[in-house]
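Engineer: Structure provided below as structure tokens; questions to follow.
Please treat every number below as a calculation from the coordinates, not as lab data. Being a predicted model, the structure only gives us computed values, none of them experimental. Every residue, glycine as well, gets a Cβ built from its backbone with ideal geometry; the counts of neighbours run over all protein chains shown.
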Amino acid sequence: MQNPVITVMTKAARMAGTVMLRHMSKLASLNIVEKSPQDYASEVDAAAEKEIIKELRRAYPDIAILAEESGAMGTGRQTFVIDPLDGTSNYLRGFPHFCVSIALVENGEPTDGVIFDPLRNELFTASRGAGVLLNDKKMRVADRKDLAGSMLITGFPPRERIRLPAHLQAINELLKTAEDVRRTGSAALDLAYVACGRVDGYFEAGIKPWDIAAGMLMVREAGGRVCDFKGRSDKLLNTNHLVAGNQKISAALQKSLVDSGYAAAFA
């Protein structure tokens, strides 16, 4: 039987997905705000977030919320962490890779998560101790033993360009053994793809709690490991850099970031 909070979060995510799809035929006329250099939000982000909050509040009126566009609302032991449209730049260009991400966080750790890709109708769900599902089918991380031949994924957030030389040096080192390092533009989907074995590992800096809360839970529930660039595995929502993969890949990837000098750029 599905966890009741997952049922509510799923409904909220699907409603937000409907908002996105409804506006895709008029992308050129959307109102767009540049929140910071090369970091954009649109009226669709706001409308999707409004639908999510309304649905969550209907079922759980007293739980705190941390949403990308609206910020923090309320305090308490539990918080819904919401990214209404992860991959906004993709969406605004009609590039078909974006999602909704919702997590329930308790005392700083995600306990339940939903990531919904409305274009592919792919629903990733996870609850702590219950595994991760993709459209109701249980998923596991890939079983690759080392970085040789691995498919990795990263991101280049605008706010992290100051550390770009170190990032590119890390990629240069990884490509000596990895098959490829890709960049999709949606951290939440990146982590969901690690959880279901589509890619072997993920690393990125400049991330926010709403980018990773649901996805990091999914990687853990799929048998994987998440940590920061220094190898720490606690309080990850309070850091801005993350590594994910199966137990062996995450360890090897994190070590590579240290050996290349990239990890030293962070506290």
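Engineer: Work out from phi, with θ = phi - 60° and the Karplus expression 6.51 cos²θ - 1.76 cosθ + 1.60, the ³J(HN,Hα) of each residue of the range 225-237, listed in order in whole Hz, and give x for Gly and Pro.
Structural biologist: So the Karplus estimates, Gly and Pro as x, are 9, 10, 7, 8, 5, 8, x, 7, 10, 10, 6, 6, 6 Hz.
Engineer: If you place +1 on the Cβ of every Lys and Arg and -1 on the Cβ of every Asp and Glu, how big does the dipole about the Cα centre of the chain come out, in debye to the nearest 20?
Structural biologist: Charge dipole of the chain: 280 debye, to the nearest 20.
Engineer: Follow-up. How charged is the neighbourhood of Arg128? Take every other residue with its Cβ under 13 Å from the Cβ of Arg128, and add Lys/Arg as +1 and Asp/Glu as -1.
Structural biologist: Result for the local shell: -3.
Engineer: Let a ≥ b ≥ c be the square roots of the eigenvalues of the Cα gyration tensor of the range 151-265; is it rounded (a/c under 1.5), or, if not, prolate (a/b larger than b/c) or oblate?
Structural biologist: rounded
Engineer: Convex hull volume of the Cα atoms in the range 94-160, per residue, in Å³? If you can, show how the numbers build up before the last one.
Structural biologist: Working: hull volume 11.8 nm³, N = 67.
With only Cα atoms used, the range 94-160 gives 176 Å³ per residue.
Engineer: How many nm is it between the label spots at Gln247 and Ala28, if each spot is 7 Å from the Cα in line with the beta carbon?
Structural biologist: Label at Gln247, label at Ala28, 5.5 nm between them.
Engineer: Using unit Cβ charges (K, R positive; D, E negative) and no other charged atoms, how large, in debye to the nearest 20, is the dipole of the range 89-191 about its Cα centre? Intermediate values should be presented prior to the final figure.
Structural biologist: On the way: 14 positive and 13 negative charges, 56 e Å.
Computed about the Cα centre, the dipole is about 260 debye.
Engineer: Rounded to whole Å and sorted largest first, list the principal axis extents of the Cα atoms in the range 4-138.
Structural biologist: Extents along the principal axes: 42, 35, 26 Å.
Engineer: Could you calculate the contour length gain from Asn135 to Glu106, that is, 0.36 nm times the residue separation minus the distance between their Cα atoms, to one decimal place in nm?
Structural biologist: Contour length minus the Cα-Cα distance gives 7.9 nm.
Engineer: Which net charge results when you count Lys and Arg as +1 and Asp and Glu as -1 among the other residues whose beta-carbon is under 15 Å from that of Thr184? Could the numbers behind the result be given before it?
Structural biologist: Numbers: positive: Arg93, Arg120, Arg182, Arg183, Arg198; negative: Asp83, Asp86, Asp117, Glu122, Asp180, Asp190, Asp200, Glu204, Asp211.
Every neighbour counted, the sum reads -4.
Engineer: Residue-wise, which Karplus ³J(HN,Hα) couplings in Hz belong to the range 158-163, taking 6.51 cos²θ - 1.76 cosθ + 1.60, θ = phi - 60°, and x for glycine or proline?
Structural biologist: Those phi angles translate into x, 6, 10, 5, 4, 9 Hz.
Engineer: Still on this model: With an 8 Å cut-off on Cα pairs and a minimum separation of 6 or more residues, tell me the relative contact order of the chain in percent.
Structural biologist: Across the chain, relative contact order equals 17 percent.
Engineer: Then there is this: Through the Karplus equation 6.51 cos²θ - 1.76 cosθ + 1.60, θ set to phi - 60°, convert the phi angles of the range 49-65 into ³J(HN,Hα) values in whole Hz; use x for Gly and Pro.
Structural biologist: 3J(HN,Hα) across the range 49-65, in whole Hz: 4, 4, 5, 4, 4, 4, 5, 5, 5, 4, 8, 9, x, 9, 7, 5, 10.
Engineer: Note down the net charge around Val258, summing +1 for each Lys or Arg and -1 for each Asp or Glu among other residues with Cβ under 14 Å from its Cβ.
Structural biologist: That works out to 0.
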